[in-house]
Amino acid sequence: MQPFIEHARSLRLRIDRDGRRAEFGALAAGQSPMALFVTCSDSRVIPSLITGSRPGDLFELRTAGNAVPAYSHVRPGGDAATIEYAVDVLGVPDIIVCGHSHCGAVGARTRGDDLSALPAVDHWLTTQLPGDAGHEPADAARRKAADPGMHAAGQRNVRAQLERLHTYPCVRRRLGEGTLRLHGWFYGVDSGLVLSLDGELDAFMPL
C-alpha cells in the first residue's frame, strides 16, 4: 500500500513539474471520452497501458470476466447505468469489449470449477459468462493443457458480451443511427499482443 500512498502524495508535484496543470484543469469542465472500454477487473489488465490513453480519454466499465449483463428495465444495475450514461449522455462513438488471456473467471467457467464456497462469484460467472456446461473433468483437463491461456474461451466470451450489448435500447438505437461502433479486443497478458475481432472473417486478428 505504501507505494500507492507515495505516488498519490507526489501526483500534484509531478503534474506541475511536467507542465500539465492546464491539461488537468480543463478536466474540471467536463468529460468527452473517445470510447467506453469494457474489460475485466483483473489487475493485470490496464486500459491506459493497452491504449495509451490519458485522463478523460476512456470511460471504463470493469467486471469479472468483462461481462456485460443483459439489459433489464426492471432492476438495472450499475453496469447498465455505466453503459447507458456513456452512450446516451457522453455520446461515445465507440465501445470496446476487451477480454484477455489467462482469465480466472473464464477459466473457472470453462472448466466448471466448484465455486460453492464463493456464492456471489459462482452466481455471476454462471449467469454472465458462456461456459461448456456438462463436459467431463478429463475433457476440461485436456482443454487446459491444449490452451493454458484460455484464448479460445476468452475470445468466445468477448463475442458473447458484444451480443449482450445489443440488448441495450440505447446501444441498438445508436447502432441503427450509424453513430456507434462496437469492437471486440483480446489482450495477451503474457505477450502484450492485442487482437481485434474481424467481423467479416469472424476471427481475432492483430490490430
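For segment 180-207, which positions are among the acidic types (Asp, Glu) and in a loop (DSSP other than H, G, I, E, B)?
Asp190, Glu200, Asp202
So how many residues does segment 161-179 have that are crowded, with 16+ Cβ neighbours inside 10 Å and in a helix (DSSP H, G or I)?
Within segment 161-179, residues that are crowded, with 16+ Cβ neighbours inside 10 Å and in a helix (DSSP H, G or I) number 8.
Inspect segment 108-119 for any residue being closer than 28 Å to Gly25 by Cβ and modelled with pLDDT of 95 or more and give the result as yes or no.
No, that holds for no residue.
Quick one: how many residues across segment 68-95 are among the hydrophobic types (A, V, I, L, M, F, W, C), more than 15 Å from Glu163 (Cβ to Cβ) and either free of Cβ contacts under 8 Å to residues at least 60 places away in the same chain or touching a helix residue (DSSP H, G or I) at 6+ places or on another chain (Cβ under 9 Å) (or both)?
Result for segment 68-95: 7.
Filter segment 96-114 for residues that are among the aliphatic types (A, V, I, L, M) and touching a residue at least 60 places away in the same chain (Cβ under 8 Å); which is farthest from His166 (Cα to Cα)? Spell out how you get there, then give the answer.
Looking only at segment 96-114, we keep the residues that are among the aliphatic types (A, V, I, L, M), and these are 96-97, 105-106, 108.
The next check asks that each one be touching a residue at least 60 places away in the same chain (Cβ under 8 Å); those that pass are 96-97, 105.
Working: Ile96: 13, Val97: 13, Ala105: 23 Å.
Once the filter is applied, the top-ranked residue is Ala105.
The values are calculated or read from the model by the stated rules, or taken from the named source; none is laboratory data. Treat the numbers as computed from the prediction; the structure is a model and nothing was measured. For neighbour counting, all protein chains shown are included, and Cβ atoms are generated from backbone atoms with ideal geometry for every residue, glycine included.
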